[in-house]
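Student: One structure follows; several queries about it will come next.
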Amino acid sequence: EEQADLYFLHLVEEGYAPQIDKDGDVVFKYEGGTWFLQIDERDPEFFRLVFPNFWSIESDDERERVERAALKATADTKVAKVFPVREDTWASVEMFVSPPEGFRPVFRRCLAAVGAAVAAFRREMTSADAD
């Protein structure tokens, strides 16, 4: 609960309208998408910012392309990861911060890193479509 409160308050201070979802994660809207800060009660120093479900996977062929594009986007972007989850694609920043409020000074940079990884992924997928 303390971790959720910490994230919730920070998002309010930054001008977002966060909510707590049924899993206890802190959900907010950013640049037209729904993002969340995952809560790990066993590890309060683990910070995970997630942009889920930004690219649907429609076929096995597309899954292969998604995996290749995700690997490239992850390799080319600092801190961010892109990966398939079931029939969708997610991006995240995951790191350890100590103390837990240590995420505050880098929060905007984390948003930018995820955005850069998603943009790199989309470029790869679009250029793959053109091939």
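Student: Taking the full set of protein chains and a 1.4 angstrom probe, give the accessible area of F47 in square angstrom, rounded to the nearest 10.
Tutor: Counting only protein heavy atoms, F47 exposes about 0 Å² to solvent.
Student: Ok, one more. If I take every Cα pair under 8 Å that is 6 or more residues apart in the chain, average their sequence separation and divide by the length, what percent do I get for the relative contact order?
Tutor: 21 percent
Student: What percent of all Cα-Cα pairs in region 19-129 falls in each 5 Å bin, counting up from 0?
Tutor: The calculated distribution, bin by bin, is 2, 12, 22, 23, 19, 12, 7, 3, 1.
Student: Pairing the Cα long axis of helix 107-130 with the longest principal axis of the chain, what angle in degrees results, from 0 to 90 and rounded to the nearest 10?
Tutor: Rounded to the nearest ten degrees, it is 10.
Student: First measure r as the distance between the Cβ atoms of V97 and R65, then evaluate 1/(1 + (r/R0)^6) with R0 = 35 Å and state the FRET efficiency to the nearest 0.05. Mind showing how you got there, number by number?
Tutor: Working: r = 34 Å, r/R0 = 0.97.
The computed FRET efficiency comes out at 0.55.
Student: Given the DSSP H assignment, sum -39500 (n - 2.57) over each helix run of at least 4 residues in the chain and divide by its residue total; what's the result at 222 nm in deg cm²/dmol, nearest 500?
Tutor: -13500 deg cm²/dmol
Student: Right, something else. Top to bottom by accessible area (1.4 Å), largest first, where do M125, M95 land? If you can, show how the numbers build up before the last one.
Tutor: Details: M125 0, M95 45 Å².
Sorted by accessible area, descending: M95, M125.
Student: Could you state, as a whole-number percent, how many of the C-alpha pairs of region 1-71 are farther apart than 20 Å? Working shown, then result.
Tutor: Numbers: 1028 of 2485 pairs.
That tail contains 41 percent of the Cα-Cα pairs.
Student: Hey, another quick one. Given DSSP loops and a limit of at most 14 other Cβ atoms within 10 Å, what is the longest stretch of the chain that contains no such trypsin sites (Lys or Arg not before Pro)? Let's see the in-between values first.
Tutor: On the way: sites that count: K22, R42, K78, R86.
My reading of the result: 87-131 is the longest stretch.
Student: Mind pulling the angle between the C-alpha long axis of helix 2-13 and the longest principal axis of the chain? Nearest 10 degrees, somewhere in 0 to 90.
Tutor: The two axes meet at around 80 degrees.
The values are calculated or read from the model by the stated rules, or taken from the named source; none is laboratory data. As the structure is a computational prediction, the values presented were derived from the model and not from experiment. Note that each Cβ is placed from the backbone with ideal geometry, even for glycine, and that neighbours are counted across all protein chains shown. Accessible surface areas use protein heavy atoms only, side chains included; no ligands, DNA or RNA. Shrake-Rupley method; radii C 1.70, N 1.55, O 1.52, S 1.80 Å.
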